[in-house]
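A short worksheet on the structure shown next.
The values are calculated or read from the model by the stated rules, or taken from the named source; none is laboratory data. None of the values given here were measured: they were computed from a predicted structure. Here the Cβ is made from the backbone with ideal geometry for all residues, glycine too, and neighbour counts use every protein chain on show. What goes into the accessible areas is simple: the full protein's heavy atoms, side chains included, and nothing from ligands, DNA or RNA. Shrake-Rupley method; radii C 1.70, N 1.55, O 1.52, S 1.80 Å.
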Amino acid sequence: MKLDQQRDEMLSLLRQRGITNQAVLQAMHDVPREEFVLASFRDDAYADSALPLTHKQTISQPLIVALMAQVLELQPSDRVLEVGTGSGYAAAVLGQLAKEVYTVERIGDLAITAAETIRRLGIRNVHVRFGDGLKGWPEEGSYDAIAVAAGGDRVPSALFEQLAVGGRLVMPLGPVQDSQKLIRIRKVGEDRYKEDDFGGVRFVPLLPETD
Ligand code: SAH
């Protein structure tokens, strides 16, 4: 089956599974996932599954990328921080929906490859940095939205600090990989938060910088 046919099937699955935001569906249509997966997985680029990257990391399942983008309620003027660039795919999707995206990756090779893919595709509003995403990217904050693409017990405090009042943060929260929940936290005042649960998910763990 051709890739564009597979992409249409992915889009109907996303609609069936609760992705209703038209801008998110358009972004999922427009960003070529096949450019972000390893060459050997190109034919599977639009299957609704996570796929392997190098360094034991994965490119997230399309449904989860779309769900995270949807619950962030992005506006075209928003500045977004992503922790965990991986392939750069989710950052590219967020880049279609927001003004600027700043994404941090702790594995140097992945950061380099993602930055190359993004440059090759002519995407100019997605900025990749190699470093520890637990610290956020303070120089470019504050952010209207923060997506954490790896799981952990709690939200790193630096990320809370870099979230603007009115901003939204989405992150898989939970003690072990099997019992994470996708949680959205809305910063309603300097020290006031509102939390919503979007159900069970499974992500690789958020780890401190190593390289
Ligand atoms: N959003 C990615 C998938 C991310 S998988 C995509 O669309 O392809 C999670 C990524 O988070 C991995 O690449 C992992 O290396 C990275 N990561 C884990 N802990 C991190 C940290 N503290 N700072 C930055 N990146 C981190």
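Taking the range 108-160 as the range and being open to solvent by less than 60 Å² (accessible area, probe 1.4 Å) and of a type in the set (F, W, Y) as the test, the residues that pass are W137, Y143, F160. Taking the range 95-106 as the range and being under 16 Å from I59 (Cα atoms) and open to solvent by 10 Å² or more (accessible area, probe 1.4 Å) as the test, the residues that pass are E105, R106.
Scanning for something within 12 Å of the ligand (Cβ to nearest atom) and not hydrophobic (A, V, I, L, M, F, W, C), does the range 5-23 turn up at least one residue? No, there is no match, as no residue in the range 5-23 is within 12 Å of the ligand (Cβ to nearest atom) and not hydrophobic (A, V, I, L, M, F, W, C).
A count restricted to the range 29-49 and to residues that are farther than 16 Å from V93 by Cα and open to solvent by 70 Å² or more (accessible area, probe 1.4 Å) stands at 4.
If I ask for residues that are more than 12 Å from A149 (Cβ to Cβ) and either more than 9 Å from the ligand (Cβ to nearest atom) or not in a loop (DSSP other than H, G, I, E, B) (or both), which ones from the range 47-66 would you list? If the condition is that a residue be more than 12 Å from A149 (Cβ to Cβ) and either more than 9 Å from the ligand (Cβ to nearest atom) or not in a loop (DSSP other than H, G, I, E, B) (or both), then A47, D48, S49, L51, P52, T54, P62, L63, A66 are the ones that fit.
Looking only at the range 19-70, residues that are aromatic (F, W, Y) and in contact with a helix residue (DSSP H, G or I) (Cβ under 7 Å, 6 or more places away or on another chain) come to 2 in all.
Among the residues making up the range 67-93, those that are touching a residue at least 60 places away in the same chain (Cβ under 8 Å), near the ligand (Cβ under 10 Å from one of its atoms) and either in a strand (DSSP E or B) or not β-branched (V, I, T) (or both) are M68, E82, V83, G84, G86, A92.
For the range 193-211, which residues satisfy the criterion of being more than 16 Å from the ligand (Cβ to nearest atom) and either closer than 12 Å to A150 by Cα or modelled with pLDDT of 95 or more (or both)? Within the range 193-211, Y193, K194, E195, D196, D197, F198 qualify.
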